[in-house]
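The values are calculated or read from the model by the stated rules, or taken from the named source; none is laboratory data. Please read all numbers here as calculations on a predicted model, not as lab measurements. Here the Cβ positions follow ideal geometry from the backbone for every residue, glycine too, while neighbour counts run over all protein chains shown. Note: areas computed on protein heavy atoms with side chains; ligands, DNA, RNA excluded. Shrake-Rupley method; radii C 1.70, N 1.55, O 1.52, S 1.80 Å.
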Amino acid sequence: MRTLTRSFVFVLLCILSLTAAAQDLSYYLPDSVTYNPAIPKPKDIIYHEVGEWHITHDRLMNYMKAVAAAAPDRIKLELMGFTYESRPQVLLVITSPKNHQRLEAIRQQHIQLSDPARSASVNIDNMPIVIYIGHSIHGNESSGANASLLSAYYLAAAQGKQMDELLDNAVILLDPSFNPDGLQRFSTWANQHKSKNLVTDADSREFNEAWPGGRFNHYWFDLNRDWLPLVHVESRNRIQWFHAWKPNILTDHHEQGSNATFFFQPGVPSRVNPLTPGKNQELTNKLGAYHAAFLDRIGSLYFTKENYDDFYYGKGSTFPDINGAIGILFEQASSRGHAQKTENGILRFPFTIKNQFITTLSTLEGAKALRREFLSYQRDFYKNALAEAASAPVKGYVFGDAGDKSKTAIFVDMLRRQQIDVYELNNNLSADGFTFEKGSAFVVPASQTQYKVIRAIFDKTLTYKDSLFYDITAWTLPLAFGLPYAELNATRYSASLQGNKVERSPFPAGTVVPIAVENGMVAIGKSNYAYLFEWDEYYAPRALYALQQAGVMVRTATNTFEINVPGQIKKFDYGTIIIPVQGQTIDAGKLYELIKETAEQNGLVVYPVTTGNAISGSDLGSSKMRPVVQPSIALLTGTGVNATDAGEIWYLLDQQFNMPATHLDIPVFNRADLNKYNTLVMVGGTYNNLDKEKLKSWVQEGGTLITTEEAVQWVAQNGLTNITFKKPKEDSTKLIPYAERDNRIGAQRMYGAIFRATADLTHPLAYGYNYPFVDLFKANTVYPERNKNPYSNPFVYTDKPLQSGFITKENYDALKNTAAVLVNTLGNGRVISIADNPNFRAFCLGGTKLFMNAIFFGRLIEPGSGKN
Ligand SMILES: [Zn+2]
């Protein structure tokens, strides 16, 4: 009875508190401060209290504009750019009126600290510290973005000596939303499911977003892995402002599981990337004391030095660590919706916002107090980096692919976005089995300001202090890009290798090679017979698809040949694209114009030929020159499908290759007419409800099914292929203390590393590759045995495939000598099984060609060559 009464009172209290009016600003703001009444409060602009509803990105922008307009002497609103969905990314530059009057001078002086040649003379005594406050890069971790309303109001409106001191001594860069598209998607979900009488049951729809959820950006990418590779427009916009200001501190406000409390960095001490200086962690600790004190004051539980790490530099809290700054990760337990029942009682949305706001205040307080330490740390960081570069054995790096100038250019562009100086290679050079040619190769000297970032990009990582990671263990970017590169030591490197500094993107100028000059006319490459282009260039698939889209018939060479082209006899490799002039629906003149435009847009060299008579190998009319069917692609999507893996393919086809793909959710797949598609892509996921028989008959009737990662196992288990798999052996007799069980399980995971597969360059799936290997990214435990038919294993792992990253002995033993890619025929169709992720995070461009080959050339693989 007593219990009943008690629980009745408890329920009553809950109902009262849950239906009570939302918290007004006094719940969040320090009460010892007076506020300028001329500054609009959030509710004046967004029409609800902070925490009453989840802020939509549109309303968030409305408030940021309003507060900047009301406090022009303190706030300058900058537009960084736009997301894929055309949402603005804004940055509020907040400092004292006095500082605003000389803002550019302050910025210039601040930048000088990062330049060892000029930093010694900088007087930091009265120099403001620069603090970048960033929110909710995972759109469904929205307490951060909601807290930015409070931070903006507080920094615009708070009065008094303390505030004046802060603004005099700091330039605050407030980024309300790192991921506007994701925030909008999530806030819409959370708000549309809110009940007037808040429902706190975690199973309720409000807390369980529909696929793919608001975590990701438009293309279902995790933007918090993109700070280093800078694939996405959001990252590229943001990084310009990061480098323009080079902040001393960058905070990254996230959310974690609902039953947790609050985490602030430092993370696990043994999991700090060795390139990060020890002093970085020391300062992180000192700042941590402020977070602890501020959270203590409001009675909030927290933890530190556990769970999270500082290893992969593609994250917002780690990236600053190789840029002279201190990155701070905050993780608030998520209410997800408006109030959720948890192990710690009911977690209310306003409370989560309050913690995020409080730790912004503690960051600012700590930054103010430790200002000189942070500024001199930044100066020392760059000075020490140069000294390290001087004593390091590697003096520079050379890279470049003469056959793929576009991919080389994408890599150069990425380096330059990271403020790395890149130079043209001045002399041809051979190193590590590669030949680097002037005109298509580049040099990066180690001795430059961004030395640490260069190391982060080029280093192979093969030794580790710990075997647990929060994310991938290797990201050696030239390997991931599939670019030939070499480290140059003192004997191989000399300044004379450096030609001109690269000042703009070296994207190749595509062209149709001119045939001849007649009567002083401009030379053109118009042919009445045929055109050829090689398949090596990154954008060759985009060019091919554009031509097919225009109705042009093309063939590809499944044999090599030599033929006369203007000025030379040229050897053409497997996969060369042949466009005959006769038999097209457009005349020779229009075809030339189309090919010229396509060449220019895609950085291709197209060779006109006047004969089909090969000097060696197959003639152009040979049956070895096979027609290429235009792909009509569907990608399986929706609940159960790995959203980031699917997103990578969407992004790749849409943004990079201008190729449409239908996104087929499984229930739609089950009822759709599949005859519309000749190519289906299935990434890792659970496909329990997929109509297997329908899929099978579609393949049997001639479809090309491309599977990656765990989907490779799914098709095998469901009888579409005969692939068997190796399993890592576990020593079950070994006794492991209970307390170490997390470490043990965690260490067996495949976090992600880079492995080298040998390639059969004559196989249609290897067309366009010039070296007999490809480096692939693997973050799964799918280890397919090689097929008995040798022709159906175009890419295999040897007994020493690890290039960079961490893998346990058990997993490594299982991986060795397996197949990376298998081809099976089924009826008239094919199943192409790619055990790894050929498009990982869209920076692993080494596997892109293989994936595009599967799309374009999969159906050319002869039936019977890998029969089940
Ligand atoms: Zn997060």
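Which residue, of T251, T276, is among the β-branched types (V, I, T), in contact with a helix residue (DSSP H, G or I) (Cβ under 9 Å, 6 or more places away or on another chain) and within 14 Å of the ligand (Cβ to nearest atom)? Break it down into steps so the answer makes sense when it comes.
Working: T276 fails: within 14 Å of the ligand (Cβ to nearest atom).
That would be T251, the only listed residue that is among the β-branched types (V, I, T), in contact with a helix residue (DSSP H, G or I) (Cβ under 9 Å, 6 or more places away or on another chain) and within 14 Å of the ligand (Cβ to nearest atom).
Table: residues versus (1) under 28 Å from E85 (Cα atoms); (2) over 14 Å from the mean Cα position of the chain (by Cα).
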{"position": "L230", "(1), (2)": "yes, no"}
{"position": "V233", "(1), (2)": "yes, no"}
{"position": "R236", "(1), (2)": "yes, no"}
{"position": "I239", "(1), (2)": "yes, no"}
{"position": "E255", "(1), (2)": "yes, yes"}
{"position": "F262", "(1), (2)": "no, yes"}
{"position": "V268", "(1), (2)": "no, yes"}
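Could you give me the residue pairs with C-beta distances under 7 Å whose first residue belongs to region 604-616 and is touching a residue at least 24 places away in the same chain (Cβ under 8 Å) and closer than 8 Å to V565 by Cα, whose second residue is open to solvent by 20 Å² or more (accessible area, probe 1.4 Å) and not in a loop (DSSP other than H, G, I, E, B) wherever it lies, and which are 6+ apart or on separate chains?
Y607/K570; V609/N564
Step by step: first the residues of region 194-217, then only those that are more than 16 Å from the ligand (Cβ to nearest atom), in contact (Cβ under 8 Å) with a residue 60 or more places away in the chain and of a type in the set (K, R), then the one that is farthest from I322 (Cα to Cα). Which residue is that?
Here the answer is K196.
Just the residues that are modelled with pLDDT of 65 or more and surrounded by fewer than 11 Cβ atoms within 10 Å (Cβ to Cβ), please, taken from region 14-33.
Listed by number, the residues that qualify are S26, D31, S32.
Just to be sure before I move on: is L347 away from the ligand (no atom under 16 Å from the Cβ), hydrophobic (A, V, I, L, M, F, W, C), at pLDDT 95 or above and not in a strand (DSSP E or B) in the structure I sent? Steps first, answer last, please.
Numbers: away from the ligand (no atom under 16 Å from the Cβ): yes; hydrophobic (A, V, I, L, M, F, W, C): yes; at pLDDT 95 or above: yes; not in a strand (DSSP E or B): no.
No: the conditions fail for L347.
Is region 260-271 home to any residue that is more than 18 Å from L361 (Cα to Cα), open to solvent by 20 Å² or more (accessible area, probe 1.4 Å), away from the ligand (no atom under 16 Å from the Cβ) and in contact with a strand residue (DSSP E or B) (Cβ under 7 Å, 6 or more places away or on another chain)?
Yes, because at least one residue in region 260-271 is more than 18 Å from L361 (Cα to Cα), open to solvent by 20 Å² or more (accessible area, probe 1.4 Å), away from the ligand (no atom under 16 Å from the Cβ) and in contact with a strand residue (DSSP E or B) (Cβ under 7 Å, 6 or more places away or on another chain).
Among I353, I410, which is the only one that is assigned to a helix (DSSP H, G or I) and open to solvent by less than 20 Å² (accessible area, probe 1.4 Å)? Explain how you work it out, then say what you get.
Values: I410 fails: open to solvent by less than 20 Å² (accessible area, probe 1.4 Å).
After applying the criteria, what remains is I353.
Please specify each residue of region 69-93 satisfying the condition of being open to solvent by 80 Å² or more (accessible area, probe 1.4 Å) and either assigned to a strand (DSSP E or B) or touching a Lys or Arg at 6+ places or on another chain (Cβ under 6 Å) (or both).
K76, L79, F82
Is it true that S143 is crowded, with 24+ Cβ neighbours inside 10 Å, out of contact with any Leu (no Cβ under 6 Å at 6 or more places or on another chain) and of a type in the set (S, T, N, Q)? Spell out how you get there, then give the answer.
On the way: crowded, with 24+ Cβ neighbours inside 10 Å: yes; out of contact with any Leu (no Cβ under 6 Å at 6 or more places or on another chain): yes; of a type in the set (S, T, N, Q): yes.
It is true that S143 is crowded, with 24+ Cβ neighbours inside 10 Å, out of contact with any Leu (no Cβ under 6 Å at 6 or more places or on another chain) and of a type in the set (S, T, N, Q).
If V130 satisfies every condition in (1) crowded, with 22+ Cβ neighbours inside 10 Å; (2) within 16 Å of the ligand (Cβ to nearest atom) but one, which is the exception?
All conditions pass for V130, except number (2).
Given the condition open to solvent by 40 Å² or more (accessible area, probe 1.4 Å) and either farther than 30 Å from E597 by Cβ or modelled with pLDDT of 95 or more (or both), answer yes or no: does some residue in region 475-485 qualify? Working first, answer last.
Of region 475-485, the ones open to solvent by 40 Å² or more (accessible area, probe 1.4 Å) are none.
No; the residues of region 475-485 include none that is open to solvent by 40 Å² or more (accessible area, probe 1.4 Å) and either farther than 30 Å from E597 by Cβ or modelled with pLDDT of 95 or more (or both).
Suppose we filter region 587-606 for residues that are outside any helix (DSSP H, G or I) and touching an Asp or Glu at 6+ places or on another chain (Cβ under 9 Å); how many remain?
Kept after step one, since they are outside any helix (DSSP H, G or I), are these residues of region 587-606: 587, 603-606.
With the extra rule that they be touching an Asp or Glu at 6+ places or on another chain (Cβ under 9 Å), the set shrinks to 603-605.
Adding up the residues that qualify gives 3.
Would you mind stating whether W220 is within 16 Å of the ligand (Cβ to nearest atom), at positive phi and either open to solvent by less than 40 Å² (accessible area, probe 1.4 Å) or of a type outside the set (D, E, K, R) (or both)?
Working: within 16 Å of the ligand (Cβ to nearest atom): yes; at positive phi: yes; either open to solvent by less than 40 Å² (accessible area, probe 1.4 Å) or of a type outside the set (D, E, K, R) (or both): yes.
Yes; evaluated as a whole, the condition is true for this residue.
If a residue counts only when it is open to solvent by 20 Å² or more (accessible area, probe 1.4 Å) and in contact with a Pro (Cβ under 7 Å, 6 or more places away or on another chain), which strands (runs of 3 or more DSSP E) contained entirely in region 495-567 have at least 1 such residues?
On the way: elements: 498-501, 530-533, 555-557, 561-565.
So the answer is 498-501, 555-557.
Kindly list, by first and then second residue, each pair from a residue in region 681-709 that is more than 15 Å from G719 (Cβ to Cβ) and open to solvent by 50 Å² or more (accessible area, probe 1.4 Å) to a residue that is among the small types (G, A, S) and not in a loop (DSSP other than H, G, I, E, B), limited to pairs with Cβ atoms under 9 Å and residues at least 6 apart or on different chains.
E701/G829
Hey, could you check region 757-791 for residues that are in a strand (DSSP E or B) and of a type in the set (D, E, K, R) and say which is farthest from the chain's Cα centre (by Cα)? Show your work before the answer.
Of region 757-791, the ones in a strand (DSSP E or B) are 757-759, 773-778, 784.
So of that shortlist, the ones also of a type in the set (D, E, K, R) come out as 775, 778.
On the way: D775: 18, K778: 15 Å.
So the residue we want is D775.
Let me spell it out: the conditions are (1) assigned to a strand (DSSP E or B); (2) over 17 Å from V628 (Cβ atoms); (3) not small (G, A, S), and I832 meets all of them except one. Which number is the exception?
(2)
Those residues that are buried (at least 17 other Cβ atoms within 10 Å of the Cβ) and either on the phi > 0 side of the Ramachandran plot or touching a strand residue (DSSP E or B) at 6+ places or on another chain (Cβ under 6 Å) (or both), I need them from region 289-299; list them, please.
So in region 289-299, the residues buried (at least 17 other Cβ atoms within 10 Å of the Cβ) come out as 290-291, 294-295.
The answer is H291, and nothing else.
K341 is checked against (1) more than 30 Å from N248 (Cβ to Cβ); (2) open to solvent by less than 40 Å² (accessible area, probe 1.4 Å) and fails just one. What number does that condition carry?
(2)
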